[in-house]
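I am attaching a structure below and will ask some questions about it afterwards.
The values are calculated or read from the model by the stated rules, or taken from the named source; none is laboratory data. This structure is a prediction, so every number in the text was calculated from the model and none was measured. With ideal geometry, Cβ positions are generated from the backbone for all residues, glycine too; neighbour counts draw on all protein chains shown. For accessibility, only protein heavy atoms count, side chains too; no ligands or nucleic acids. Shrake-Rupley method; radii C 1.70, N 1.55, O 1.52, S 1.80 Å.
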Amino acid sequence: MSDTFPVSHSILDADALANAVLQRYGYQPINCQLVSRGSNDIYRLRTQRGTFAVRVLRKGWRDHTQLSYELEWVSFLAEAGLPVAAPARAQDGKFYFSVNAPEGPRKVVVIHWLDGNILAPPLEGNTAERVGRLLANIHLAGAQFKPTCWREVDTMEKILRHRASLADLLAHLPEEQAYFDGAMEWLLMQFNQIESPPPKLHTHG
């Protein structure tokens, strides 16, 4: 038989994934199943130590610095008493591990499961107030966060990298294409007129 046809995004076997978590975290699995598929594949893992979300990143979705910063940030917020989905540390103290999927290495994060409902508009007054207060507390807590590595946000560079792909979507819509090109030029002009760099703050997403 010839070589296996290449894949861009595979689905990891749930039982094999649960066993990989067992080997690294010591959590005896009871049940593991895929619950969401996208930029990250999310599995719900029930163990004798509780329930966890196992997040499997796409190949190349985050490098070590980006992912480490993100996980340190969320872990810091959890230690500050904020209700966030905090990553669990493996027995070797690390926040994530990698597995060799058909498309290449994929990073895996084990996260404490949070029960609750997904926020969706419209939000009632009390709910909106609670969400706003929580976000404010996250923002304030960030002033004390000292990561071991920084995640740089290259906003304009990212926009320019994706400009060609966005333009391709409008190739058959000349009026929209002209509006898009004008908006891009305006945005670049505004960015270049910033006299001093904006303040650096910790953020997620």
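Give me Rg/Rg_expected for the stretch 1-137, where Rg uses Cα atoms only and Rg_expected = 2.2 N^0.38 Å with N residues.
Working: Rg = 16.9 Å, N = 137, 2.2 N^0.38 = 14.3 Å.
Output field value: 1.18.
Can you pull the percent of the chain's accessible area that's carbon plus sulfur, 1.4 Å probe, other chains left in place?
Details: 7680 of 14030 Å².
The computed percentage sits at 55.
Quick check: the distance between the Cα centres of the stretch 129-204 and the stretch 13-87, to the nearest angstrom?
The two parts, judged by their Cα centres, are 27 Å apart.
Take every Cα-Cα pair in the stretch 68-205 and report what % of them are more than 22 Å apart. Present the calculation step by step, with values, prior to reporting the outcome.
Working: 5902 of 9453 pairs.
That fraction is 62 percent.
How far is it, in nm, from the label point at Phe145 to the one at Glu79 when both lie 7 Å from their Cα along the line to the Cβ?
It is 1.3 nm.
Right, another one. Ordering Glu176, Glu152 by how much accessible area each has at a 1.4 Å probe, largest first, what is the list? Spell out each step's value before the answer.
Values: Glu176 90, Glu152 125 Å².
Descending order: Glu152, Glu176.
Moving to a separate point now. What is the calculated FRET efficiency for Phe5 to Gln28, with r their C-beta to C-beta distance and R₀ = 35 Å, to the nearest 0.05?
Details: r = 36 Å, r/R0 = 1.03.
Given R0 = 35 Å and the Cβ-Cβ separation, E is 0.45.
Let me ask you something else. If the chain between Ser98 and Asp63 were fully stretched, how many nm would it gain, using 0.36 nm times the residue separation less the Cα-Cα distance? If you can, show how the numbers build up before the last one.
On the way: separation 35, 0.36 × 35 = 12.60 nm, distance 1.16 nm.
Separation in residues times 0.36 nm, less the Cα-Cα distance, equals 11.4 nm.
To continue, here is another question. Just the accessible area per residue of the chain, please: how many Å² with a 1.4 Å probe?
Details: 14030 Å² over 205 residues.
On a per-residue basis, the chain sits at 68 Å².
Sticking with this one: Kindly sort Ser8, Ser39 by accessible area of their heavy atoms, largest first, with the probe set to 1.4 Å. Mind dumping the intermediate values first?
Details: Ser8 105, Ser39 50 Å².
The ranking, largest first, comes out as Ser8, Ser39.
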